[in-house]
Amino acid sequence: MMKMEKGIIELNGEKFYVEPLAKHTLTLTKIKKVYFTKKSKYQLIEVIESYDYGLGLYLDHSTQLSESDEYIYHEIFVHPAMLSHPNPKKILIIGGGDGGVLREVLKHPTVEKAVLVEIDEEVIKAVKKYLSFIPQNAFDDPRAKILIEDGVKYVNNTTEKYDVIFMDATDDIGPSVPLYKVEFYKAIRDILNDKGIFITQALGLEQHKGALEKIYFDLKRVFRIVDYYYIYVPSFCNRWGFVSASDQYNIMEIEKSELEKRFKNRKIKTKYYNPEVHIALQIMRKTIKLKI
Ligand code: SAM
């Protein structure tokens, strides 16, 4: 097969963004405006507006989020784990420089401290300038602490312990490669409280075949309880996977009545997630059979 072209291309005088949808399939998205492109120390950063999905952040030619549906990804990533923990006070986010995960985490009034460790300061700068509707006021929340640091270094050196840890890193490319390793999952376990929950985005089911399985089975080597789910994200043109791990809680087995109680008590306002959707995730994940 010919080498696949990625990123911005011109066709008949119009600009398009080319991205893989699956191994042998590409998507072609018509671009309205290119706002920003910069090669940082770690990756190519682009902020582009497309006709169908609005403003979007792209890193190394891979969509990170889109204005039209970022709430689906961020809410479905954050609330299942946060509500499965009875009292999540200390939260760590590895990556997530767009601030979307942080924004959703801070909706939980139980949170006392949320530390975000992002390796690339240029991502945060671009988000603040062009995509401030993602973090909203999360970066300025007194409970939030933003560190510009490699997640691997932070996790290996910190003496802090966390109740919930999110890994919202790029898709196993560039600086995120060392994050998707058993060694790193062991280091994560060491900084989780006994009843803590770890959850990572687990890439596209169509775009990254086998990635969710690898993350699942690697985490199984470290944690007692590991489970997974997915949601369709229109601008990713993919079902997007998530894998959770804990020695105490299975976020895919929590009862609806408990979810409803916590969702109501914490007064969480969402556009997409609710306890019924959570139960739907629990059911829909069974459509995926993991190959051992
Ligand atoms: N939602 C996204 C997706 O679909 O892939 C991920 C969003 S977030 C922008 C990903 C961030 O992870 C990037 O800003 C990247 O710089 C950061 N990152 C990658 N490797 C990292 C590392 N080793 N430590 C900390 N942050 C890292």
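One table, with the values for the structure above:
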quantity	calculated
Using alpha-carbon coordinates, inclination of helix 70-84 to the longest axis of the chain, degrees	10
Long-range HN-HN contacts of Ile8 with modeled amide H, under 5 Å	Val18
Proximal lysines to Lys220, defined as alpha-carbon separation beneath 17 angstrom and excluding residues fewer than eight positions away on the same chain	Lys181, Lys186, Lys195, Lys289, Lys291
Gyration tensor verdict on segment 112-233 (Cα atoms; rounded if a/c is under 1.5, prolate if a/b is larger than b/c, oblate otherwise)	oblate
Reach of Lys90 by Cα under 12 Å, taken over aspartates and glutamates that are not fewer than 8 positions away in the same chain	Glu112, Glu160, Asp163
For segment 70-287: accessible area per residue (Å², 1.4 Å)	41
Rounded accessible area of Val34 (nearest 10 Å², 1.4 Å probe)	50
Principal-axis tilt of helix 211-220 within the chain, Cα atoms, nearest 10 degrees	20
Whole-Hz ³J(HN,Hα) from phi, Karplus 6.51 cos²θ - 1.76 cosθ + 1.60, for segment 273-284, glycine and proline x	6, 7, x, 5, 5, 4, 5, 4, 4, 4, 6, 5
Sequence-separation-based contact order of segment 70-287, relative, with Cα cut under 8 Å and 6+ spacing, percent	21
Of all DSSP beta bridges in the chain, antiparallel share, percent nearest 5	70
Label point distance in nm, Asn274-Leu26, each placed 7 Å from Cα along Cα→Cβ	4.2
Cα centroid of segment 105-157 to Cα centroid of segment 266-292, whole Å	25
Calculated log₁₀ intensity ratio I(q)/I(0) where the Debye formula runs over C-alpha points of segment 121-192, q = 0.23, 0.26, 0.28 Å⁻¹	-1.21, -1.30, -1.34
Distant-in-sequence amide H partners of Leu44 (H built 1.01 Å from N, under 5 Å)	Asp60
³J(HN,Hα) computed for each position of segment 171-186 - Karplus, 6.51 cos²θ - 1.76 cosθ + 1.60, integer Hz, glycine/proline x	7, 6, 9, x, x, 8, 3, x, 6, 8, 9, 4, 4, 5, 4, 5
Using θ = phi - 60° and Karplus 6.51 cos²θ - 1.76 cosθ + 1.60, couplings along segment 18-35 (whole Hz; Gly, Pro as x)	9, 9, x, 9, 8, 4, 10, 9, 10, 10, 10, 10, 6, 9, 8, 7, 9, 8
log₁₀ of I(q)/I(0) at q = 0.06, 0.09, 0.11, 0.15 Å⁻¹ - the chain, Debye sum with one point per alpha carbon	-0.18, -0.40, -0.61, -1.19
Alpha-carbon gyration tensor eigenvalues x 5, square-rooted, for segment 76-121, Å	19, 11, 8
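The values are calculated or read from the model by the stated rules, or taken from the named source; none is laboratory data. Fair warning: this is a prediction, and the values are worked out from it, not measured in the lab. Methodologically, a virtual Cβ is constructed for each residue, glycine included, from the backbone with ideal geometry; neighbour enumeration extends over all protein chains shown. Accessible surface areas use protein heavy atoms only, side chains included; no ligands, DNA or RNA. Shrake-Rupley method; radii C 1.70, N 1.55, O 1.52, S 1.80 Å.
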